[in-house]
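The values are calculated or read from the model by the stated rules, or taken from the named source; none is laboratory data. Being a predicted model, the structure only gives us computed values, none of them experimental. Note that we place each Cβ from the backbone using ideal geometry, even for glycine, and neighbour counts take in every protein chain shown.
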Amino acid sequence: MSLPRPPDPRRLDVAAFARSDGRLEGAWPLAGMRRLLQDALPLTPDSPAQSVAWSARGERRAPSGGQDQIRLHLQAQTALQLTCQRCLQPMTVELHVSPTLRFVRDEALAEQLDEDSEEDVLALSATLDLHDLVEDELILALPLVPRHERCPQPLPMSAGDLDGPAEGDSQHAFAGLAGLLRKTPGQPD
């Protein structure tokens, strides 16, 4: 008697996975997630992470008098080197996601339920690529504007570095201009 084959995370039958309360976990090379790495600094041997650790758990809920509800609980984590938009130095961003996705029979129902649900609602398809789904969730977790909480080096130029009149100076930037305007034509300088 042969053992049943474990589900393929690249071609997952979500309905069957949920019915069997399936569990999968693993790690994918970060280099294989090109869309996620699009705005990151290039991977090097010194990069904070070389892979994405992930796990998936299927769940089927049978509410009384209703249709089965199919859910997929994901978890994934990694770290990327991004450029701080304040100081323009490299920074490490830890990414952790743990969405719960609910699957329904078609796209129209998914759109209708997604508006009122705290869970993400997706249409059930014959197969699902967990790799792509994990990458999508990590992309959504990226900061819109990456920046250090506190930059490690002083900024090249800050507001305090600007040359200008010291506090208490009576001379203002346009004081000289005002004096020129008060002169009448033909008056010597």
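Counting only residues that are assigned to a loop (DSSP other than H, G, I, E, B) and not basic (K, R), which one in the range 66-96 is surrounded by the fewest Cβ atoms within 10 Å (Cβ to Cβ)? Across the range 66-96, the extreme among qualifying residues is G66.
Just a yes or no: is a residue in the range 57-65 closer than 19 Å to L138 by Cα and surrounded by 11 or more Cβ atoms within 10 Å (Cβ to Cβ)? Yes, the range 57-65 contains a residue that is closer than 19 Å to L138 by Cα and surrounded by 11 or more Cβ atoms within 10 Å (Cβ to Cβ).
Within the range 1-54, being in a loop (DSSP other than H, G, I, E, B) and acidic (D, E) holds for D8, D13, D21, D39, D46.
Residues in the range 105-124 that are out of contact with any strand residue (DSSP E or B) (no Cβ under 6 Å at 6 or more places or on another chain) and either assigned to a loop (DSSP other than H, G, I, E, B) or of a type in the set (A, V, I, L, M, F, W, C) (or both): R105, A108, L109, S117, E118, A123.
Determine whether the range 137-153 contains at least one residue that is surrounded by 12 or more Cβ atoms within 10 Å (Cβ to Cβ), of a type in the set (K, R) and under 19 Å from D39 (Cβ atoms). Scanning the range 137-153, I find at least one residue that is surrounded by 12 or more Cβ atoms within 10 Å (Cβ to Cβ), of a type in the set (K, R) and under 19 Å from D39 (Cβ atoms), so the answer is yes. Number of residues in the range 27-46 that are more than 13 Å from the chain's Cα centre (by Cα) and either closer than 15 Å to P143 by Cα or of a type outside the set (D, E, K, R) (or both) equals 12. When every residue of the range 118-128 is checked against the conditions, at least one turns out to be under 17 Å from H73 (Cα atoms), of a type outside the set (S, T, N, Q), crowded, with 18+ Cβ neighbours inside 10 Å and touching a residue at least 40 places away in the same chain (Cβ under 8 Å). For R60, state whether it is among the basic types (K, R) and in contact (Cβ under 8 Å) with a residue 60 or more places away in the chain. Spelling it out, it is not the case that R60 is among the basic types (K, R) and in contact (Cβ under 8 Å) with a residue 60 or more places away in the chain.
For the range 26-39, the set of residues classified as at pLDDT 95 or above and either within 15 Å of E59 (Cα to Cα) or touching a Leu at 6+ places or on another chain (Cβ under 8 Å) (or both) consists of L30, A31, M33, L36, L37, listed by residue number.
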